[in-house]
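A short worksheet on the structure shown next.
Taken together, the values in this text are just the output of simple stated rules run on the coordinates, not laboratory data. Keep in mind it's a predicted model, so treat the numbers as computed, not measured. Glycine gets a Cβ as well: all are built from the backbone with ideal geometry, and neighbour counts include every protein chain shown.
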Amino acid sequence: SGPPDVAVFERHESHVRSYCRKFPVVFERAKGARLYAEDGRVFTDFFCGAGTLNYGHNPSPIKSRIVDYLASDGMMHGLDMYTGAKRSFLVALTEHILRPRGLEYTVQFSGPTGTDAVEAALKLARKATGRRGIFAFSGGYHGMSRGSLAVTGNGRARLAGGVHGQDEVTFIPYEDGPQGPFDSVGFIERLLADSSSGVEKPAAVIVEPLQMEGGVYEASADWLRRLRAVTERHGILLICDEIQSGCGRTGTFFAFEESGIVPDIVTVSKSISGYGLPLALTLFHPRLDVWEPGEHTGTFRGNQLAFVAATAAAELWSRPGFLAQLPAPARRLAELGAELTAAEPEIVVRGRGMVLGIDLGRCGGGERAAAVQRYAFDHGLIVELSGRDDEVVKVLPPLTITPEELGHGLGVLRAALLTR
Ligand code: PMP
């Protein structure tokens, strides 16, 4: 059939795509963990829209609800009207996600993307506290708008956005980031105690419980508890960005759950609709409901079809057997990690649940990671890279992947990394 026709993309689309730009193939259909290209090739998806497709592609229990809703001429856009779809989602979010975890949050629909949820969180924290500063972490990723970029701990991205050193953001090294262990909570304590530090008490600390774009660096439960304690003691709001680590990716609905902390504000997007439909939420403690009507609006906040999908996705969490099926594939991911480090001790693996970061920084770096990605592609597996220099192979299979699909992907990775 000849090479795939990708010339039109090269001609008309800006070249700045980052993820997946190396895959010269045109995808047409997808189901579960499988992608089908127009030239007949089939791929296993270990990328999943960077954590957007935690339940796989076109999951049947969600799809049927979308199809029914469309067939019934359900409201497709309602802006701030009360709609049945929004009501169902708010009820499902409360009943299936928040209440079983003892969480009580008010919901702000922030816009279609994760970036919008982060903007809303920062804006709300500043208004609620009357303070301007934000503490953020090196290596964190929070979005591409100026506010969210300003708290993104990646100098290259910030410089490209012209927000270098802006917006009263203080960066703190992550507890166990690429530079090695660091007592970041102790550092925060000292900054706040020292009136000559030049750093004022911030409105909020924003943290990813698992830094995903940064290269799969994990905050320990104990560290998160200490971070919660110091922020509480100083009246600083704690924002957890669960946009990529949430919706079950780490084995619990929110990655912070394992630590037992309760953040003041949580940002959620990506897999919240369960179907790749755009939806972003800023969840916050009811006492922070300080906006006046009109202070945070937007035409596409709260997509009705995304509500329908997200309702079905939330209900999955109460389905008999749903939680019980999560640990088995996660164990197989961890086993591959252990096998890799046993075979080549310079390989470092991180992550939990259905996240595995394979760090090749000490043995080949970004070049070797790119070779692994290329090998995987040639053998029918889509996998992406993260970290400072794309040196970390980021493995994100669907949570609901079948044992066969998982076996295929893991086998390809094993061969890519262990046969050189
Ligand atoms: N926060 C985190 C943790 C993310 O991973 C992302 C997206 N990769 C964002 C925020 C921004 O979300 P979006 O791309 O939907 O704007």
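What is the stretch 108-172 by shape, rounded, prolate or oblate, if you read a ≥ b ≥ c off the alpha carbon gyration tensor as root eigenvalues and call it rounded for a/c under 1.5, prolate for a/b larger than b/c, and oblate otherwise? Note, shape of the stretch 108-172 comes out oblate. With θ taken as phi - 60° and the Karplus curve 6.51 cos²θ - 1.76 cosθ + 1.60 applied, the whole-hertz 3J(HN,Hα) list for the stretch 125-139 is 4, 5, 5, 5, 9, x, 10, 10, x, 9, 9, 9, 10, 4, x Hz, x standing for glycine and proline. Sorted on the mean count of surrounding Cβ atoms within 10 Å across their residues, most packed first, peptides 359-365, 264-270, 42-48, 235-241 read 264-270, 235-241, 42-48, 359-365. Calculated on the Cα set of the stretch 156-245, radius of gyration then Dmax: 13.5, 37 Å. Is the chain best put as rounded, prolate or oblate by its Cα gyration tensor, with a ≥ b ≥ c the root eigenvalues, rounded for a/c under 1.5, and otherwise prolate when a/b is larger than b/c, oblate when not? Verdict is oblate for the chain.
Sorting 221-234, 249-262 by their mean Cβ neighbour count within 10 Å, with the most densely packed peptide first, gives 249-262, 221-234. Taking each residue as 0.36 nm, the span from His77 to Glu232 lengthens on full extension beyond its C-alpha to C-alpha distance by 51.9 nm. A Förster radius of 30 Å combined with the Cβ-Cβ distance from Asp5 to Val42 puts the calculated FRET efficiency at roughly 0.95. Counting every pair of alpha carbons in the stretch 282-342, the share spaced more than 16 Å apart comes to 72 percent. The modelled label-to-label distance for the pair Arg225/Leu418, using points 7 Å beyond Cα in the direction of Cβ, is 3.7 nm. About its Cα centre, the dipole of the stretch 45-148 is roughly 520 debye, where the only charges are +1 on Lys and Arg Cβ and -1 on Asp and Glu Cβ. Suppose R0 equals 41 Å; then what is the FRET efficiency for Arg146 and Ala338 from their Cβ-Cβ distance, rounded to the nearest 0.05? Computed FRET efficiency for Arg146 and Ala338 comes out at 0.45.
Of the chymotrypsin sites (Phe, Trp or Tyr not before Pro) in the stretch 63-97, the ones in a loop by DSSP (not H, G, I, E or B) with at most 14 other beta carbons within 10 Å are Tyr82.
Reducing the stretch 74-107 and the stretch 253-311 to their Cα centroids gives an inter-centroid distance of 10 Å. Dividing the Cα radius of gyration of the stretch 34-127 by its Kirkwood radius returns 1.03 for Rg/Rh. Summing charges over neighbours of Ala342, with a neighbour being any other residue whose Cβ is under 14 Å away from its Cβ, gives -3 when K and R count +1 and D and E count -1. Taking each residue as 0.36 nm, the span from Arg287 to Asp378 lengthens on full extension beyond its C-alpha to C-alpha distance by 27.5 nm. The slack between Thr297 and Asp389, meaning 0.36 nm per residue of separation minus the straight C-alpha distance, is 29.4 nm.
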